[in-house]
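Enquirer: Got a structure here, written out as structure tokens. Questions coming.
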Amino acid sequence: MLSRIGGIALRRREASIFVAGCLLVLYFQFTTSVFVSYDNIGTLTQYAGATAVLAAGEVMVLICGELDLSIGMVYALSPFLMYFAQQAGVPLVFAIILGLMGAALVGLINGLITTLLKLPSFVTTLGTLFLINGFTLVISGGFPVQPESSQAFANVMGGNAYFLIGWAIVIALILQYVLTQTRWGLHTIAVGGNLDGSTEAGIKVKSIKIRNFMLCSTLAGFAGMLDCFRIGSIDPLAGGNEIMFMAIASAVIGGTLLTGGVGTIIGALFGAIVLGILKDGFTLSGVSAYTFDMILGGAIIVTMTINVHLNRLRERGRV
Amino acid sequence: MANKDNDLVRLENVAKRFGPVQPLKNVNLRVGRGEVLGLLGNNGAGKSTLMKILCGYHPASEGKMFFDGEEVNLRSVTHARQLGIDCVYQDLALVSELNVYHNMFLQREPVRGGFLGILDNKRMKADAQRHLDDMGVNIPSVDVEIAKLSGGQRQAIAVARSVYSDARLLLLDEPTAAMGAKEGAMILDVINRLRAKGEVSVIIIAHNYAQIFDVCDRINLLRDGEIVFDKRAEDTSVQELTDIVVHEYRHAAETLNE
Ligand SMILES: Nc1ncnc2c1ncn2[C@@H]1O[C@H](COP(=O)(O)OP(=O)(O)O)[C@@H](O)[C@H]1O
Ligand SMILES: [Mg+2]
């Protein structure tokens, strides 16, 4: 029985991060005794929700062998597009759709530059990162604004902590399904695993990459909207590189490789939740944010080491 | 000159340039219906490039291609496949991260639910198993990832993928290179079975002349960007081919010394 659980833990990439999460919850529950409570779980989801949505899209881009650094800036831009559309008289739901279309456009640009001009996506999205940040600051004048909606609507859009994590879970489940059960997902893995081979097999590799960049950007925009309704403010300085790196960290500790071809959306969701647990647990126990960063850094290196070596074992067929 | 109506595929004056490199200068080649053609040539002679032109991967820089009596302009690998041309690439085009049956149906996956493209895994799995059994390929399970298989097993899977694609022209680029004698014999057996049926034409690149004579109706040699030798298998011999190749190496060595 134990060895079977061990076997599953080794075979399923999501399992190790899930176990780590459970141990952390137990630890913080014993040391703080209020960790598992309605209120605190609400707090925890605030740390994890938007990051998990960003990570879900990033995993798709990572699996197809690329990287998107611009998501933190799209996260800040998209709510402003929604806000200005609304100011111009567009009803809220359509304003949200326009904001998401703006985000998708950024993804399209990232994808086109990367595939057609053959730039590494690290460079492309480093460029759009600064570009979009500047653009957001210009159109906003650098000042935050308030989203205009009814309280009920805001609650559904992430104002309520359980709705927030609900969005993250639903999005992760849908994308995990897309990744493992559809042609799009299969071709995403193929393109990241063997680019030349996928081209030879007739897969439209550029189209796959562009579509994943667009998906990733759109989700980044959506994550920005969830957070602006949660906080009740649209801030041009929200998100940025901090949340982008948290999303990539979530993906990586969840079992996604930066080399392409391998990844899991559910793992990234667990990754984001584990980072949320750490942040929340440290806050409750009065540990400083600096210590959190040190632990996060260590966690990334340790989990990556384990992932890489487990992967070698898997390839040799030992597991 | 053979009767042109009998040709399934024909290349006329085909050239291919990659910037300053020109592996193919003026290739004229034909394969009859149900015929198996062996293509020989030194490393770097342009054999793989020629295969990739025939299967729609590379556009030719110059020249014409005729398929089934009509001139065709292949737009893509998928276009060639729709016409019935399928290639086993030298690098196999398998994805290590995917399992055997996903690899065997890569880019032609049966799907349910139309535009959503939901994979019909059950069907792929059953069909893959059936095809591998039929060909005599021995692997632990169609569920394992390609990364866990040996070089020979991978090659067998790549060959099986094309053989069971209902192709009318099968292009095999060194399909037995990573194989032991037993696996190699299995591939040759499959080709011989196709030959007996006579419905599929094959171009096969291999370096083992004994194998070539076992399965080929006709043999071509590619040198300096042109087909310089074209004989029916019964009109030539392993000795003649060996002599030509020895001559090739001398020729190459002299060119180097100049
Ligand atoms: N995509 C490419 N770009 C540039 N040069 C290429 C490309 N593919 C092949 N070549 C060159 O064309 C020549 C023929 O290669 P290839 O067709 O692979 O030969 P063979 O299969 O007979 O060994 C080589 O010099 C190779 O370097
Ligand atoms: Mg070759």
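Enquirer: What residue, of B:Val137, B:Val95, is buried (at least 20 other Cβ atoms within 10 Å of the Cβ), touching a Leu at 6+ places or on another chain (Cβ under 9 Å) and in contact (Cβ under 8 Å) with a residue 24 or more places away in the chain?
Expert: Working: B:Val137 fails: touching a Leu at 6+ places or on another chain (Cβ under 9 Å).
Answer to the check: B:Val95.
Enquirer: Filter the range B:144-164 down to the residues that are of a type in the set (A, V, I, L, M, F, W, C) and over 14 Å from the mean Cα position of the chain (by Cα) and list them by number. Before you say what the answer is, go through the steps one by one.
Expert: Keep residues of the range B:144-164 that are of a type in the set (A, V, I, L, M, F, W, C), which gives B:144, B:146-147, B:149, B:156-160, B:163.
Correct list: B:Val144, B:Ile146, B:Ala147, B:Leu149.
Enquirer: Quickly run through the range B:121-151 and pick out the residues that are part of a loop (DSSP other than H, G, I, E, B) and more than 10 Å from chain A (Cβ to nearest Cβ).
Expert: If we filter the range B:121-151 for residues that are part of a loop (DSSP other than H, G, I, E, B), which is where we start, we get B:136-144, B:149-150.
Once the filter is applied, which keeps residues that are part of a loop (DSSP other than H, G, I, E, B) and more than 10 Å from chain A (Cβ to nearest Cβ), the range B:121-151 yields B:Gly136, B:Val137, B:Asn138, B:Ile139, B:Ser141, B:Val142, B:Asp143, B:Ser150.
Enquirer: Out of all the residues in the range A:203-221, which are at the interface with another protein chain (Cβ under 9 Å from one of its Cβ atoms) and either modelled with pLDDT under 95 or surrounded by 21 or more Cβ atoms within 10 Å (Cβ to Cβ) (or both)?
Expert: Restricting attention to the range A:203-221, the residues satisfying the condition of being at the interface with another protein chain (Cβ under 9 Å from one of its Cβ atoms) are A:203-204.
Within the range A:203-221, just A:Ile203 meets the criteria.
Per-residue answers, yes or no, for (1) touching a Leu at 6+ places or on another chain (Cβ under 9 Å); (2) open to solvent by less than 20 Å² (accessible area, probe 1.4 Å):
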position	(1), (2)
A:Ala223	yes, yes
A:Asn241	yes, no
A:Val252	yes, yes
A:Leu275	yes, yes
A:Gly286	no, no
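Enquirer: Looking at (1) of a type in the set (A, V, I, L, M, F, W, C); (2) open to solvent by 50 Å² or more (accessible area, probe 1.4 Å); (3) within 16 Å of ligand 1 (Cβ to nearest atom), which is the only condition B:Ile203 fails?
Expert: Unmet condition: (2).
Enquirer: One residue is enough: does the range B:167-177 have a residue meeting the conditions within 16 Å of ligand 2 (Cβ to nearest atom) and free of Cβ contacts under 8 Å to residues at least 40 places away in the same chain?
Expert: Yes, that holds for at least one residue.
Enquirer: Another question, then. Which of the numbered conditions does B:Asn103 fail, given that it passes all the others? Conditions: (1) under 16 Å from the mean Cα position of the chain (by Cα); (2) closer than 19 Å to B:Val190 by Cβ; (3) surrounded by 19 or more Cβ atoms within 10 Å (Cβ to Cβ).
Expert: Condition (1) is where B:Asn103 drops out.
Enquirer: When the range B:11-25 is examined, which residues are found to be within 15 Å of ligand 1 (Cβ to nearest atom), part of a strand (DSSP E or B) and either farther than 20 Å from B:Glu71 by Cβ or open to solvent by 10 Å² or more (accessible area, probe 1.4 Å) (or both)?
Expert: Within the range B:11-25, the first condition is being within 15 Å of ligand 1 (Cβ to nearest atom), and the residues that meet it are B:11, B:14-25.
Narrowing the set further to residues that are part of a strand (DSSP E or B) leaves B:11, B:14-18, B:21-25.
Of everything in the range B:11-25, those that are within 15 Å of ligand 1 (Cβ to nearest atom), part of a strand (DSSP E or B) and either farther than 20 Å from B:Glu71 by Cβ or open to solvent by 10 Å² or more (accessible area, probe 1.4 Å) (or both) turn out to be B:Lys16, B:Arg17, B:Phe18, B:Val21, B:Gln22, B:Pro23, B:Lys25.
Enquirer: While we're on this one: Just need a number here: residues in the range B:43-87 that are open to solvent by 60 Å² or more (accessible area, probe 1.4 Å), small (Gly, Ala, Ser) and away from ligand 1 (no atom under 16 Å from the Cβ).
Expert: Residues flagged as open to solvent by 60 Å² or more (accessible area, probe 1.4 Å), small (Gly, Ala, Ser) and away from ligand 1 (no atom under 16 Å from the Cβ) within the range B:43-87 amount to 1.
Enquirer: Among A:Cys216, A:Cys228, which is the only one that is touching a strand residue (DSSP E or B) at 6+ places or on another chain (Cβ under 7 Å) and within 27 Å of A:Thr45 (Cβ to Cβ)? So that I can check it myself, show each step before the final result.
Expert: On the way: A:Cys216 fails: touching a strand residue (DSSP E or B) at 6+ places or on another chain (Cβ under 7 Å).
That would be A:Cys228, the only listed residue that is touching a strand residue (DSSP E or B) at 6+ places or on another chain (Cβ under 7 Å) and within 27 Å of A:Thr45 (Cβ to Cβ).
Enquirer: Residues in the range B:169-176: is at least one within 13 Å of chain A (Cβ to nearest Cβ), in contact with a Phe, Trp or Tyr (Cβ under 9 Å, 6 or more places away or on another chain), open to solvent by less than 40 Å² (accessible area, probe 1.4 Å) and within 16 Å of ligand 1 (Cβ to nearest atom)? So that I can check it myself, show each step before the final result.
Expert: Keep residues of the range B:169-176 that are within 13 Å of chain A (Cβ to nearest Cβ), which gives B:171, B:173.
Adding the requirement that they be in contact with a Phe, Trp or Tyr (Cβ under 9 Å, 6 or more places away or on another chain) leaves B:171, B:173.
From what is left, the residues that are open to solvent by less than 40 Å² (accessible area, probe 1.4 Å) are B:171, B:173.
Then drop every residue that is not within 16 Å of ligand 1 (Cβ to nearest atom), which leaves B:171, B:173.
The answer is yes, given that some residue of the range B:169-176 is within 13 Å of chain A (Cβ to nearest Cβ), in contact with a Phe, Trp or Tyr (Cβ under 9 Å, 6 or more places away or on another chain), open to solvent by less than 40 Å² (accessible area, probe 1.4 Å) and within 16 Å of ligand 1 (Cβ to nearest atom).
Enquirer: In the range A:191-201, which residues are more than 22 Å from the chain's Cα centre (by Cα) and either under 15 Å from B:Ile146 (Cα atoms) or at pLDDT below 95 (or both)? Working first, answer last.
Expert: Residues of the range A:191-201 that are more than 22 Å from the chain's Cα centre (by Cα), as a first pass: A:194-201.
Residues satisfying the conditions are A:Asn194, A:Gly197, A:Ser198.
Enquirer: Across the range B:28-42, what is the total count of residues that are over 19 Å from B:Cys87 (Cα atoms), within 16 Å of ligand 1 (Cβ to nearest atom) and either of a type in the set (D, E, K, R) or assigned to a strand (DSSP E or B) (or both)? Explain how you work it out, then say what you get.
Expert: First pass over the range B:28-42, keeping only residues over 19 Å from B:Cys87 (Cα atoms): B:28, B:42.
With within 16 Å of ligand 1 (Cβ to nearest atom) added as a condition, the list becomes B:42.
Retained after the next criterion (residues that are either of a type in the set (D, E, K, R) or assigned to a strand (DSSP E or B) (or both)): none.
Residues meeting the conditions: 0.
Enquirer: If you don't mind, another one. Could you please give the count of residues in the range B:206-252 that are open to solvent by 50 Å² or more (accessible area, probe 1.4 Å), charged (D, E, K, R) and within 27 Å of B:Gly180 (Cβ to Cβ)?
Expert: Number of matching residues: 1.
The values are calculated or read from the model by the stated rules, or taken from the named source; none is laboratory data. If you're wondering where the values come from, they're calculated on a predicted model, not measured in any experiment. Note that we place each Cβ from the backbone using ideal geometry, even for glycine, and neighbour counts take in every protein chain shown. Just the protein is used for accessible areas: all its heavy atoms, side chains included, with ligands, DNA and RNA removed. Shrake-Rupley method; radii C 1.70, N 1.55, O 1.52, S 1.80 Å.
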